[in-house]
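**Q** The structure that follows is given in the form of structure tokens.
The values are calculated or read from the model by the stated rules, or taken from the named source; none is laboratory data. Here the structure is a predicted model, which means the values were calculated and not measured. Cβ: placed from backbone, ideal geometry, glycine included. Neighbour counts: every protein chain shown. Heads up: the accessible areas ignore ligands, DNA and RNA and are worked out on the full protein's heavy atoms, side chains in. Shrake-Rupley method; radii C 1.70, N 1.55, O 1.52, S 1.80 Å.
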Amino acid sequence: AVGLAACLAQFLPGVEVVRRLELTPEDFADPDAGVFLQRPRPDPETRIPAGHRGPVLYWPGLSFAGYHPDVVVASAGGQLLSGGPIGPLHSALVLLGWRLGLGLKATLDLFREDVFERLGYFSAWDYGKTALLNEGRRTDVPLDALFPRWEASGPFMYSHTHPRLDVLADVARGLLSALGMTPEVSGPLPPDWLATREILPIYPEIARRLN
């Protein structure tokens, strides 16, 4: 949402863009304000006041593990395991090696093509693409026409849930298009905040399969 809001603010100079994790009644002080919500759709009776007249549009959750099928978010005792080199994200194979007590060398030996094949890592692209396109079709910003451009531009995800800023810019343009609007300005995009956070590697065997 940080990147999406930044793109919307750049595309619509003079329009106030406010980002919220949760909506409050104060957010609807202007009954004509536009509201963009990320799926899954909230209950409109409890989230959108009955007297609100402005447009309410939905944008897709951007989750895609095609580049990073080995990533997991792990917890213990009800607490996320964080503090590693990539924060709360972990390698499923490293976590498995630790739980089985395999040691460093034996765990590293799990990172090979036949293991990836058996675990379905090479199928993650097709599964992820289908899921992402289906997610877009449930919103006001379908992604079918956008995905081929993202795919051709190189890795468009920093992790399984963090897209590049140009992906978010396309979603912002899609929201405006759904309102019959076009960006008023062009030029360089704002700083890519997610590029300063966790960026996962693409394993060589997976990179070769993806060409």
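**Q** Work the Kirkwood hydrodynamic radius out for region 28-114: mean of 1/r over every pair of different alpha-carbon atoms, inverted, in Å.
**A** 17.1
**Q** At 0.692 mPa s and 37 °C, plugging the Kirkwood radius over alpha-carbon pairs of region 143-211 into Stokes-Einstein gives what diffusion coefficient in µm²/s? Before the final figure, lay out the partial values.
**A** On the way: Rh = 13.8 Å.
Estimated via Stokes-Einstein, D reaches 238 µm²/s.
**Q** Now a separate question. Rounded to two decimals, what is the ratio between the C-alpha radius of gyration of region 91-189 and 2.2 N^0.38 Å?
**A** 1.49
**Q** Starting from the Cα of S82, step 7 Å toward the Cβ, then list every residue of region 181-211 with an amide N under 19 Å from that point.
**A** Flagged as within label range: 193-200.
**Q** Then there is this: If you count the DSSP beta bridges with both ends in the chain, what percent of them are antiparallel, to the nearest 5?
**A** Here the antiparallel bridges make up roughly 65 percent for the chain.
**Q** Between T182 and V2, what is the spin-label point distance in nm, taking each point 7 Å from the Cα along the Cα→C-beta axis?
**A** 3.2
**Q** How many Å² of accessible area per residue for the chain, probe 1.4 Å?
**A** Accessible area per residue: 58 Å².
**Q** Of the options L108, A5, G34, report the single residue whose Cα projects farthest towards the positive end of the charge dipole of the chain (beta-carbon charges: Lys, Arg +1; Asp, Glu -1).
**A** Going by the Cα projections, it comes out as L108.
**Q** Can I ask one more? Can you send over the carbon and sulfur percentage of the accessible area for region 140-211, probe radius 1.4 Å, protein chains only?
**A** About 56 percent, which is the carbon plus sulfur part of the accessible surface.
**Q** Using just the alpha carbons, could you tell me how many Å³ per residue the convex hull of region 63-149 encloses? All intermediate terms of the calculation are to be shown ahead of the outcome.
**A** Numbers: hull volume 12.4 nm³, N = 87.
Taking only Cα atoms, region 63-149 has a hull volume of 142 Å³ per residue.
**Q** For the chain, what is the Kirkwood hydrodynamic radius in Å, using each pair of distinct C-alpha atoms?
**A** Result for the chain, one decimal place: 19.4 Å.
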